[in-house]
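What follows draws every value from the coordinates through simple rules; no lab data is involved. The shown structure was predicted, so the numbers you read here are calculated from the model rather than taken from an experiment. Every residue, glycine among them, receives a Cβ derived from its backbone with ideal geometry; neighbour counts consider all protein chains shown.
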There are 2 protein chains.
Amino acid sequence: MRFLTDLKLPSKVIVCEVAPRDGFQAEKQWIPTEHKVAIIKKLAATGIQIIEITSFVHPKAIPQLKDAEEVVRQSLELTGVKFRALVPNVRGAQRAIDAGIKKIKLMLSASDSHSLSNANCLTREAMDGFAPIIDLAEKHSVEISGSISVAFGCPFEGEIPIDRLNSIIKRYIQYGIKEISLADSTGMANPRQVYNTVGELRNNFPDVIFTMHLHNTRGMAIANAFAAMQQSIIQFDSSITGLGGCPYAPGATGNVATEDLVHAFSEMGIETGINLETLINVAKEVKQIIGHDGGSFILKAGPRSQLHVAPKSQQKLG
Amino acid sequence: MRFLTDLKLPSKVIVCEVAPRDGFQAEKQWIPTEHKVAIIKKLAATGIQIIEITSFVHPKAIPQLKDAEEVVRQSLELTGVKFRALVPNVRGAQRAIDAGIKKIKLMLSASDSHSLSNANCLTREAMDGFAPIIDLAEKHSVEISGSISVAFGCPFEGEIPIDRLNSIIKRYIQYGIKEISLADSTGMANPRQVYNTVGELRNNFPDVIFTMHLHNTRGMAIANAFAAMQQSIIQFDSSITGLGGCPYAPGATGNVATEDLVHAFSEMGIETGINLETLINVAKEVKQIIGHDGGSFILKAGPRSQLHVAPKSQQKLG
């Protein structure tokens, strides 16, 4: 038996920064608008191409994001970066469009129990509710992507049957949506499952662009990204310093940290267009601004390329 | 293009617990002998098959392990578990044999600078020094395994050329040693590198049993284990609660936590013979005994199988 010695992976991937939405919304302490905008500008300067900038959710539902319009207004001048905003309903879509957003993201949960808990409706009802949002976005030539929360496991129900994913994706396609984020919202995926599930979905829906939204709750986010790349997935969400916790386990890790993911890609020789050194410096600044990090490895250990001085005299080497 | 949807991985793997050696030696605070033995007994009760029980190193070099003989003496009664002890020299080998150890592990560094810093000799000199240890072990019919520290990257030199690994393995084979641990001692490996390097080594040395010793310093331990399994590797070291830090980055993660690794295997449907629930309970007890953990995910987040109660009333489901 001969073992393969040259693993084929994508040469380039796209990393989408989600801290301004998924990270900030998990912060209890108010982050002043100028800090939010400052972080977005620092992130844009690293070479990150896409930022999920906010969610146009009702201010009472997530008070932390009540300044969505102002954050967008002060960020739109940035060039070289695309913004995407989450919209939960028609009202949110209208606000996003009015603020100048050119790409919106729709969100639903793969399981009914998670859907009820998050959106107070069944998955099917959430899907039905997309119709007027999509009409509005199309009228304004605003791009739309879809997402499926808890796609690899629901914290209330456990397994998500593949047929459920299939039928959700079919409805997204009926709506004309071709970019769909598979979200491991509470870190329940494992790399074998990602490999097999993504492979099956890619076979079933060859025209859909699948992207991955991975959480590191149980330490498997980079393994899952690696598995997804083995199925030619090239778009990944992540959150600077790992901001965004896990609602069911206080202190547990949430989103995979952008610097950890970009570092892993860089070590594997996969281009992201992001300057890792700048990114790590931004992560340090973000940690200072927010007051903590969300479980970043690279902030603690430094990148692999940062070598150390040997502790003993090494005259034998000379 | 059709994507594969059924990733082939080993059906069973063997997890070797190294906390009593690699974990304890990193603890500054003295762990009383009875606590060490209690932890070893608890670990053996989980179904773990191999425990790296201690290192017969000079007591002045690592005072924490000065009770090596007593720890072994009080543990030998355990059935169903095999013990392995690290020996740095002939004196250590004699002590291990006298204590009743039936399997010893030799250790050297892939780079000269790490070898000088750890063992005060070049890699080649370390290899030469194995001869009398091996003679002694063979005389007493004691099994021998080898290991290569910093095999995937040296914190002082960076890259390890594959030819260096090849020549070290050749010398191990000349000594009659057929089981070799590839140690990512400071968490510098990435999964693509593991896949390619392990593939090449397996092709070069088809009769060697390679095992993996992975650290999670930069968040890639489980990804690296996943990559190694894709090259049919079936033996992995890990440390309960992740005990054992990183000497170059205070607070950074060291060994991958046994409960995180076993949880990942379990989720992938790979048998370990270890009862995960018992293991997590032992991890909780070990954390209490030692006073901290080393970066365990499962201790914070719980296993994936532990479902949560949905926060809202879900009458629509009924």
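Give me the compactness ratio for the protein assembly as shown, meaning the Cα radius of gyration over 2.2 N^0.38 Å.
Rg over 2.2 N^0.38 Å, computed on Cα atoms: 1.00.
With a ≥ b ≥ c the root eigenvalues of the C-alpha gyration tensor of the stretch A:1-142, is it rounded (a/c under 1.5), prolate (a/b larger than b/c) or oblate?
oblate
Please turn the phi angles of the stretch B:78-93 into ³J(HN,Hα) values with the Karplus equation 6.51 cos²θ - 1.76 cosθ + 1.60 (θ = phi - 60°), one per residue in order, whole Hz, x for glycine and proline.
These are the phi-based 3J(HN,Hα) values: 5, 10, x, 9, 9, 9, 10, 10, 7, 10, x, 6, 4, 4, x, 4 Hz.
How much net charge surrounds A:L4 when only the other residues with a Cβ under 12 Å from the Cβ of A:L4 are counted, with Lys and Arg +1 and Asp and Glu -1?
Summing Lys and Arg as +1 and Asp and Glu as -1 gives +2.
Note the direction-averaged projected area, equal to a quarter of the hull surface, for the Cα convex hull of the stretch B:77-192, in nm².
8.0
Where does the charge balance sit around B:K284 when Lys and Arg score +1, Asp and Glu -1, over other residues with C-beta under 15 Å from its C-beta?
Overall, the nearby charge balance is -2.
Filter A:K102/A:K178; B:K28/B:K287; A:K8/A:K170; B:K103/B:K287; B:K103/B:K178; A:K66/A:K178 down to the pairs with a C-alpha to C-alpha distance above 20 Å, please.
A:K8/A:K170; B:K103/B:K287; A:K66/A:K178
Counting DSSP beta bridges in the stretch A:14-317, what percent are antiparallel, to the nearest 5?
Around 5 percent antiparallel, to the nearest 5.
Suppose you put the label 7 Å out from Cα in the Cβ direction; list, shortest first and in nm with one decimal, how far B:H308 is from each other copy's label.
Those separations, rounded to one decimal, come out as 3.6 nm.
Identify the residue of chain B whose Cβ lies closest to the rotation axis that maps chain B onto chain A, and give that distance in whole Å.
Here the value is B:A223, 2.
What number comes out for the charge environment of B:N190, summing +1 per Lys or Arg and -1 per Asp or Glu over other residues with Cβ under 10 Å away?
For residues surrounding B:N190, the net value is +1.
B:E52's amide H: which non-local residues (gap 5+, or another chain) put their own amide H closer than 5 Å, with H modeled 1.01 Å from N in plane and none for Pro or chain starts?
Amide H to amide H, under 5 Å and 5 or more residues apart or across chains, B:E52 pairs with B:E17, B:V18, B:R84.
What gaps in nm, shortest first, separate B:H292 from its twins in the other copies when you place the label 7 Å past Cα toward the beta carbon?
Values, ascending and in nm: 1.7.
How high is the relative contact order of chain B, given as a whole-number percent (alpha carbon pairs under 8 Å, six or more residues apart)?
18
Once you have a ≥ b ≥ c as the square roots of the Cα gyration tensor eigenvalues for the stretch A:1-45, tell me rounded if a/c is under 1.5, and otherwise prolate or oblate according to whether a/b is larger than b/c.
Cα axes put the stretch A:1-45 in the prolate bin.
What chymotrypsin sites (Phe, Trp or Tyr not before Pro) does the stretch A:1-55 have in DSSP loop regions with at most 12 other beta carbons within 10 Å?
Passing both the DSSP loop test and the Cβ count: A:W30.
In nm, what does the list of distances from A:P59 to its counterparts in the other copies look like, shortest first, when each label sits 7 Å along Cα to Cβ?
Nearest first, the other copies' label points are 7.0 nm away.
Compute the distribution of all C-alpha to C-alpha distances in the stretch B:14-317, in bins of 10 Å from 0, and list the percent of pairs in each, rounded to whole numbers.
Result returned by the calculation: 6, 28, 37, 22, 4, 2, 1, 0.
Considering chain A as a Gaussian network with a 10 Å cut-off on Cα pairs, which listed residue, A:K105, A:K41, A:K60, attains the greatest mean-square fluctuation?
Result for chain A, Cα springs under 10 Å: A:K60 fluctuates most.
Measuring from centroid to centroid over Cα atoms, what is the spacing of the stretch B:11-54 and the stretch B:183-238 in Å?
Spelled out, the Cα-based centre of one part sits 22 Å from the other.
Given the protein assembly as shown, what percent of its DSSP beta bridges are antiparallel, to the nearest 5?
Once the DSSP bridges in the protein assembly as shown are tallied, antiparallel ones form about 5 percent.
For chain A, what does the helix formula give at 222 nm: sum of -39500 (n - 2.57) over DSSP H segments with n ≥ 4, over the residue count, nearest 500 deg cm²/dmol?
Value at 222 nm, helices only, nearest 500: -11500 deg cm²/dmol.
Per-residue Cβ counts within 10 Å, from other chains only, averaged over B:213-219: what number is that?
Counting other chains' Cβ atoms within 10 Å and averaging over B:213-219 gives 6.
Using the Cα gyration tensor of the stretch B:124-228, with a ≥ b ≥ c the square roots of its eigenvalues, what is the shape: rounded (a/c below 1.5), prolate (a/b larger than b/c) or oblate (neither)?
Judged from the Cα gyration tensor, the stretch B:124-228 comes out prolate (a/c at least 1.5, a/b above b/c).
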